[in-house]
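See below for the structure under consideration.
The values are calculated or read from the model by the stated rules, or taken from the named source; none is laboratory data. This is a predicted model, so every value here is computed, not measured. Cβ placement follows ideal geometry from the backbone for every residue including glycine, while neighbour counts extend to all protein chains displayed. In case anyone asks, the SASA skips ligands and DNA or RNA and just uses the protein heavy atoms, side chains included. Shrake-Rupley method; radii C 1.70, N 1.55, O 1.52, S 1.80 Å.
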Amino acid sequence: MYPKNHKKIVTELMDGKFITQDDPHFQILKDHKEFYVRFFDRSFGYALQSTPEYHYLLSPDTQESTSRDISIFFSVLCYELDQEGRNFMDVLNFSDLHIDEITDLFRNTTWRDQVQANKQLNSPESLRRLIHSTMVRRNIAVKLPDDRYAFTAAYKYFIDYAWELVRPDGEEEEE
Amino acid sequence: MFKSEPKSIVRFLATHFDLIRHLFDIQIHEGVITRQQVSDALSDWDSDVEDQLLEYRILTPQNDDFLISEPYFVLLEFILQQFKPLLPEEIDIYGQSIRTLFLQIREGIHLDRNILLERMDALANQIKKFTTAIRNNTTSLQHESRELKANTQNMEYEEKIRKARHLIEFYIMPLNTILDVNHSQSIYNELLHISQYVNKMRFNYENESIRRRFGKLYNLLVQSNTDISSQSAIISNELLPLIERIRTESEYLQGFHIYLTNGDCYKKYDPPALFSISRTYPYQHFVYENTKQYFEQFRHEESVYIEEAGAPEEQWIFDQEEYRQRLESQLPVDDFFSWCGSAISEDKPHFRLDEYFMITSLIFEDDYEIESHHPATNAILKSDDVQLVLPRLKIKKKHVSEKP
């Protein structure tokens, strides 16, 4: 007997979605973690990864360009929010942004070269597409009314990656 | 010994406060004020008061440089609320004095009253200094944290992280330990312990004047403990999370900086692994609906009756009167049931049982008498699909005597 909503859970994870705490499937995955780890490994060779805030799948081959686009997106966004004197952690955690605010931050960024070199970030239209299609589909961002976007806990996956670059090798996260 | 009037000194401080504050800021940041810096400051303020600065001992020579002397420095710190954070070791000195004095008070509680009173005064004094030091230290750490948060000195992220770590490791955490009520060796716990003892003494000591002094000391301790408790709450609820957060944010920002610098995000660093969406789904999108539809077609199947084609069979109708006449014409009949079988066979060679029993119903007519044979025998009637075993019954007209 499969856990409840098995098909939806499998479909969502295999669509590359991050399943976050506010999703009812989060708890099902947590309760049946062993089953799903084995299920994805034996059925497809995929690794189910879990943090206290989200679950996601990893495949042997990675979607490198999309991952790079999103990583650069968050790096530039957080950096520019900080430069504006805003607390980027608060914005990502508790607030939302209008699409025009985001495109303005990218238009005026000090990381101009890095943004211009990226086809997904170098124009308001492509930026809008990255957020609206790729990030919303993967449940990294959530579309709100009036062209506003909030971010789910999945943003931590990308900013923690940048954080890892600072930490000395082998330094463990404090409990 | 000053030659000038005290009021003149205070007035001098007020008149030249901006200049003195400037010198104070230099000493705060650099630890010492050089002779050149004093000259520059005097020149900037277009002032010629070096002699008074030395005469009132606002500045004291330190080799070739100057320092603001301690009483003025403390006054300025207090007025400007700009305290240099004290190292926990500096604060701990008050703790040691408090412990020693309390021990001596307990041991000499019934000895010389004069020295007891002096020790109580000294203890009160140390407690006040300790409380003031804690309050000033919390204020200064809050100030430093806010400066760090606002990054007024335009520090690099790495420097901010280092500074935040330094504040946490060497100032805030040890200060927290000093004030931690759960830590058995904390000064705060020592003060609670002293409070209990002093509380008992203010009621139990035999001498009234010393009881009153214990009473004053107790009030001071209650106030101090309240103050320290609120300072401790500021440290654990506000200061520590703030500094921790500054450190974390700065680490993230430094990470972004490293990632983006020189376009290393394209050249040097592989991005985090991301699930590659495959188009070969384990389920076809509509498999559920399709399967459901397939099985549901069998679920509510209605019964189907198929009638064979062919000429409709002529319906046989039992004509009771006709059969009664036929029976009466042949009475008496020796075997009634066999007669019924023969009679219907004449009309309908392949009769049904219900049709047969319609004819046998003649036996219930009032006009006939029924007799059974002795010994009883059975008649056997065969139809298409059944064999009936029936008793042999004789039937005759009532009131008609049978001819011998």
* Kindly indicate whether A:LEU29 is surrounded by 20 or more Cβ atoms within 10 Å (Cβ to Cβ) and more than 30 Å from B:ILE246 (Cα to Cα). => yes
* Assess whether B:SER47 counts as being farther than 13 Å from B:TYR72 by Cβ, exposed (fewer than 14 other Cβ atoms within 10 Å of the Cβ), more than 60 Å from the chain's Cα centre (by Cα) and not basic (Lys, Arg). => no
* Show the residue pairs that are 6+ apart or on different chains and have beta-carbon atoms under 6 Å apart, the first residue being within the stretch B:170-188 and under 22 Å from B:LEU220 (Cα atoms), the second being of a type in the set (A, V, I, L, M, F, W, C) and surrounded by fewer than 16 Cβ atoms within 10 Å (Cβ to Cβ). => B:TYR188/B:VAL181
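Pick out, from the stretch A:7-94, the helices (runs of 4 or more DSSP H) lying fully within it that include 2 or more residues that are more than 10 Å from chain B (Cβ to nearest Cβ) and farther than 30 Å from B:GLN254 by Cβ. Lay out the reasoning, then the answer.
Values: elements: A:24-31, A:33-44, A:64-83, A:88-94.
Answer list for the stretch A:7-94: A:24-31, A:33-44.
Tell me the residue from B:ILE178, B:ILE93 that is more than 28 Å from B:ILE246 (Cβ to Cβ) and out of contact with any Phe, Trp or Tyr (no Cβ under 6 Å at 6 or more places or on another chain), please. Steps first, please.
Values: B:ILE178 fails: more than 28 Å from B:ILE246 (Cβ to Cβ).
So the residue among B:ILE178, B:ILE93 that is more than 28 Å from B:ILE246 (Cβ to Cβ) and out of contact with any Phe, Trp or Tyr (no Cβ under 6 Å at 6 or more places or on another chain) is B:ILE93.
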* Among A:ASP69, A:ASP82, A:ASP104, which is under 20 Å from A:ALA150 (Cβ atoms) and exposed (fewer than 15 other Cβ atoms within 10 Å of the Cβ)? -> A:ASP104
* To do: Can you confirm whether the stretch A:128-146 contains a residue that is hydroxyl-bearing (Ser, Thr, Tyr), part of a strand (DSSP E or B) and under 19 Å from the mean Cα position of the chain (by Cα)?
  => no
* To do: Please work out if B:ILE127 is open to solvent by less than 70 Å² (accessible area, probe 1.4 Å) and more than 28 Å from B:LYS216 (Cβ to Cβ).
  => no
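Residues checked against (1) within 14 Å of chain A (Cβ to nearest Cβ); (2) open to solvent by 100 Å² or more (accessible area, probe 1.4 Å); (3) modelled with pLDDT of 80 or more:
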position: B:LEU260; (1), (2), (3): yes, no, yes
position: B:PRO312; (1), (2), (3): no, yes, no
position: B:ARG326; (1), (2), (3): no, no, yes
position: B:VAL333; (1), (2), (3): no, no, yes
* To do: Answer yes if at least one residue in the stretch B:242-251 is without any contact (Cβ under 8 Å) to a residue 60 or more places away in the chain, open to solvent by 40 Å² or more (accessible area, probe 1.4 Å) and not in a loop (DSSP other than H, G, I, E, B), and no otherwise.
  => yes
* Is it the case that some residue within the stretch A:106-124 is in contact with a strand residue (DSSP E or B) (Cβ under 7 Å, 6 or more places away or on another chain), part of a helix (DSSP H, G or I) and either closer than 17 Å to A:ASP69 by Cα or small (Gly, Ala, Ser) (or both)? -> no
* When only residues in the stretch B:265-278 that are open to solvent by 30 Å² or more (accessible area, probe 1.4 Å) and assigned to a helix (DSSP H, G or I) count, which is nearest to the other protein chains (Cβ to nearest Cβ)? -> B:TYR266
